[in-house]
1. Taking the alpha-carbon set of segment 142-248, what are its Rg and Dmax in Å?
2. May I ask for the Kirkwood hydrodynamic radius of segment 94-140, worked out over all distinct Cα pairs and given in angstroms to one decimal?
3. Long-range amide H contacts for residue 257: which residues qualify at under 5 Å (H placed 1.01 Å from N, peptide plane, sequence gap of 5 or more or a different chain)?
4. Each residue of segment 279-296 in turn: what ³J(HN,Hα) in whole Hz from Karplus with 6.51, -1.76, 1.60 and θ = phi - 60°, glycine and Pro shown as x?
5. By per-residue mean of other Cβ atoms within 10 Å, what is the highest-first order of 250-263, 38-51?
6. How many angstrom separate the Cα center of segment 154-201 from the Cα center of segment 116-139?
7. Once you keep just the Cα pairs under 8 angstrom separated by 6 or more residues, what percentage relative contact order results for the chain?
8. For residue 230, list long-range residues whose amide hydrogen, built 1.01 Å from N in the peptide plane, is under 5 Å from its own amide hydrogen.
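Just so it is clear, none of the values below were taken in a lab; they were calculated from the coordinates. The structure presented is a predicted model; accordingly, all values stated were derived computationally and were not measured. Methodologically, a virtual Cβ is constructed for each residue, glycine included, from the backbone with ideal geometry; neighbour enumeration extends over all protein chains shown.
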Amino acid sequence: MHNGNSDYLKYSLHQAPISNPSSDVYLIGDESNNMYPGINHMVIKDHFSEAAEFEKIYKHFSTNTRGFELFCFQRWFVLLEIMKVRNLDLVFFSDSDLMVYGDLNKVHANLGMENIAFCIPDRQTKFRWTASGHSSFWTQKGLEEFCVFTMEMYAGDGLQKLEAKWDWQQEHNLSGGVCDMTLLYLFYESYPDRVVNLLEERNGSAFDLSVNVSENLRSDEYKMKGKFKSFSWKGNQPYAHKTENDEAVAFNTIHFQERAKLLMHRFYRGSDLKYSKGVSEFKRFSLTTARKLKAKLSS
C-alpha cells in the first residue's frame, strides 16, 4: 500500500513476482502509481469507508504527525474492505520498502496458522509494546478480528491502556508513542494462540524485522556489515548469519527501512531495470555524498 510513486517502489513490485510467479500481486495506491504492467492496481480512496469510521474515534498519542499515524491504522481497514470486495480469503501484506525472496505459498503451508502471522520481537521492555505488520499473512476473518479489536480499544476502556503508554513516553521524553504496531502487539498479547510470529526461524528460514538492526526475534541475533545486516547469496536467495555461530538462515524478505531504501536496487534479482538501477545508484551516491559534506561542514 503506497501513496505516490517513489523511486524504490518499482523494485519491490518487480521483485515479488520473481519469487512468487504463480501469485497475484496487488498495489493499493493512488492514480500516480497506476503504471506497472502485470500488477493489479486498486485505489486507496475507493475503499476508505471503514477507515473513515475509525478516524471518528482515533486519538493521537504520538510525537509523529497525526496524519502519518492515523493512516498506519487506516491501511488495515482499507485492506479489509478490499479483501471483502475481491473475496480474498488470504493475503500476504508487505510494506512498499520490502523485498520478497521466499516462496510465500510454501512458507504459509508450513506455518500451520489459521488467522494471522506477523513480526513480534522477543524484547518487550516496559511499554515497548511493538509488533509489525510490514510482513504479514492475514485471513479475512483474522483481519476483521484485529480491526474490531482496534476499534474497541479506542472506543472503550482500552483507551486508558493506550493513554498510560503515552504518558510514560512523555514522562521519559521518548519519541514515538501509540501506533498500529502497539495495537498489533496488544492483539497478540490478548490472543497469542491466534498469531504466528514470522520472526521465528522455521525450516531454516525467517522474515526480516529490519535490515538496519541485528535484532530479529532476539536482540543481536544476526551479523551486521557496517550499518546493515550482512547477507550471503545462493542464487536469488539471501542468507543472514547468526551472530553466535555464523549459521546461515534463508530470509524470505528483507525490510529496507528509512535510508536503507536507497539500497533496494542493489538487492533486486531481476535482469531488467538496468537503466533504473543506474539512476538509483547515482541518486544514492549523490545523497550519501551530500550528507557527508553537510556533516563535515557542520563539524
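1. Values for segment 142-248 (Cα only, Rg and Dmax): 17.8, 52 Å.
2. Across segment 94-140, the inverse of the average 1/r is 12.4 Å.
3. 211, 212
4. 5, 5, 5, 5, 4, 4, 4, 5, 5, 5, 5, 4, 5, 5, 5, 4, 5, 5
5. With the highest mean Cβ count within 10 Å placed first, the list reads 250-263, 38-51.
6. If you average the Cα positions of each part, the centres end up 10 Å apart.
7. Working: 465 pairs, mean separation 56.5, N = 299.
In percent, rounded to a whole number, it is 19.
8. Hits under the 5 Å cutoff: 223, 224, 225, 241.
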